[in-house]
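The values are calculated or read from the model by the stated rules, or taken from the named source; none is laboratory data. The structure displayed is predicted, hence computed values, not measured ones. Each accessible area value is taken on the protein alone, full model and side chains, heavy atoms only, with ligands, DNA and RNA left out. Shrake-Rupley method; radii C 1.70, N 1.55, O 1.52, S 1.80 Å.
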Amino acid sequence: MTLDGMADHFPDALGLSPTAAWLNFIESIVLPTMPPDLPFAIQGWAGMAFDRTSYEDLAPDSVWECWIAVHNQAAGYPSGLGAVRYRNASDLLSGVHIKPDMESIRTYWDENYSFLRDHYVFSLDQQWIIRLDQDTTLFLGKLDFMRSVVDRLGGVAEVRKMMDDDFIGGSDDVVGLGDYIDGLLAPL
């Protein structure tokens, strides 16, 4: 489904195309940085990150399951998601509206080989954003949303261990990824 008629989800962005409104929302939350630099453009959000090349679905299945479950529970009903492929702001491709389940996300990835491109998946109610670049899947959400996800995953210590195993493992942390992981979780 295209974004036609979706602008009502972004009432502050009247007069913009839905894709432009979504881009404004994304840029207000996520800095275009890569690890070990923290991605937060505003306060009141926390995150998790995983090595996307280690997983068939670009992040651990348990994370996706908890993320979608909390989204659907918080929305009170299965509320749609937005997705936008990008290389940079001037090369933004049209966004799409997708259902909040893994099958729909996988279908989006398969269409036109979207999984090969950098892109964002996000909630239309602006509670969270996932940035999928060629190396990392970055999950960012408002604190209440993130607390619910992290609790379902076993708590901050368990999520920290998951990310540590992904990014550092048993090797030396020469680039500061431990600080990056701690910084994503610090607001929690």
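Quote to one decimal, in nm, the extra length available between residue 65 and residue 27 on full extension: 0.36 nm per residue of separation minus the C-alpha distance between them.
11.1 nm
Multiply the residue gap between residue 103 and residue 117 by 0.36 nm, knock off their C-alpha separation, and tell me the result in nm, one decimal place.
Value of the extension gain: 3.2 nm.
With every protein chain left in place, what is the accessible area of residue 65 in Å² (1.4 Å probe, nearest 10)?
120 Å²
Length gain on complete extension for the stretch residue 164 to residue 151, per 0.36 nm per residue less the alpha carbon to alpha carbon distance?
Going from the current span to full extension adds 2.9 nm.
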